[in-house]
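Have a look at the structure below before the remarks.
The values are calculated or read from the model by the stated rules, or taken from the named source; none is laboratory data. A quick note: this is a predicted structure, and the numbers were derived from the prediction, not measured. So basically every Cβ, Gly included, is an ideal-geometry build from the backbone, and we count neighbours across all protein chains shown.
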Amino acid sequence: MILKSFLAAVGLTFALGASAAPIVNGDFEAGITGWTVSGNVDLATSNGGAFWFGAGSAEQNGNYAIAFNAGDAAPNGTLSQTFATVEGAQYTVSFNFGATNCQFSCGQSLLVAILGSESATLADFWAEGQSSGPLGSYSFYFTADGSESTVQFSDFDGNDTVWLDGVLDNVSVTSDQASDVPEPAPLALFAAALLGLGVALRRKN
């Protein structure tokens, strides 16, 4: 009976933990580790004391972010990552996006898509980044249709690339089902289960 109770507590702990949908290296502080990249996508960092040519800041972006079409390259970059989901659960995608300093036509556009089973598009969202300063904050929702989903960021092929880049950072995906559960709760529950098992075994002996 004691063992069954313990296993039930452990199962609940991991069920709560599984409700989150973490993105690996969403702040790009580990480079592009965990992401699949194609086209003109670069790792952006500080430039002469500022951040990436006026886009973002060290406070907002740490040491690194992602730059699309850097070096006046063609705007054809994509960046994606697949993560675990629960079918029927709703998730929130959040990220920061903006553009570097420029004199004319300063906006940059970025298409964000969520791909589900068999690469079906579950949701898409256009982010319009403005020039210089802190990156803008964006978020949207989607409902998973299986055990995995993919977030994909695609540079708009009509973006101006002369002295102008799109900058992305701080990508996260969170489960709305876990929004009311404090993050430390699963660990606290696990610790309580271990403590309870120890007390029960001691009384039994």
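Scoring Thr92 on the criteria (1) over 17 Å from Val167 (Cβ atoms); (2) crowded, with 16+ Cβ neighbours inside 10 Å leaves a single failure, condition (2).
Based on this model, can you work out whether Ser117 counts as at pLDDT 95 or above and farther than 19 Å from Tyr64 by Cα? So Ser117 does not fit the description; no.
Could you list, in sequence order, the residues of region 43-80 that are in a strand (DSSP E or B) and in contact (Cβ under 8 Å) with a residue 40 or more places away in the chain?
Ala44, Trp52, Ala55, Ala65, Ile66, Ala67, Phe68, Thr78, Leu79, Ser80
Against the criterion of being more than 20 Å from Ser131 (Cα to Cα) and in contact with a Leu (Cβ under 8 Å, 6 or more places away or on another chain), Phe83 does not qualify. Among the residues of region 52-75, those that are buried (at least 16 other Cβ atoms within 10 Å of the Cβ) and over 21 Å from the mean Cα position of the chain (by Cα) comprise Phe53, Gly54, Ala70, Ala73, Pro75. For region 81-91, a residue qualifies if it is among the hydrophobic types (A, V, I, L, M, F, W, C) and not in a loop (DSSP other than H, G, I, E, B), and the qualifying residues are Phe83, Ala84. Being under 16 Å from the mean Cα position of the chain (by Cα) and under 15 Å from Glu87 (Cβ atoms) is the filter here; which residues of region 151-177 pass it? The answer is Ser175, Asp176. Of the residues Asp165, Asp155, the single one that is buried (at least 20 other Cβ atoms within 10 Å of the Cβ), at pLDDT 95 or above and not hydroxyl-bearing (Ser, Thr, Tyr) is Asp155. Scanning region 22-42 for residues that are surrounded by fewer than 14 Cβ atoms within 10 Å (Cβ to Cβ) and touching a residue at least 24 places away in the same chain (Cβ under 8 Å) yields Pro22, Val24, Glu29, Gly31, Thr36, Ser38.
Counting only residues that are β-branched (Val, Ile, Thr) and at pLDDT below 95, region 168-183 holds 1 of them. With respect to being of a type outside the set (Asp, Glu), in contact with a Gly (Cβ under 9 Å, 6 or more places away or on another chain), under 23 Å from Ala73 (Cβ atoms) and modelled with pLDDT of 90 or more, Gly129 falls outside the description.
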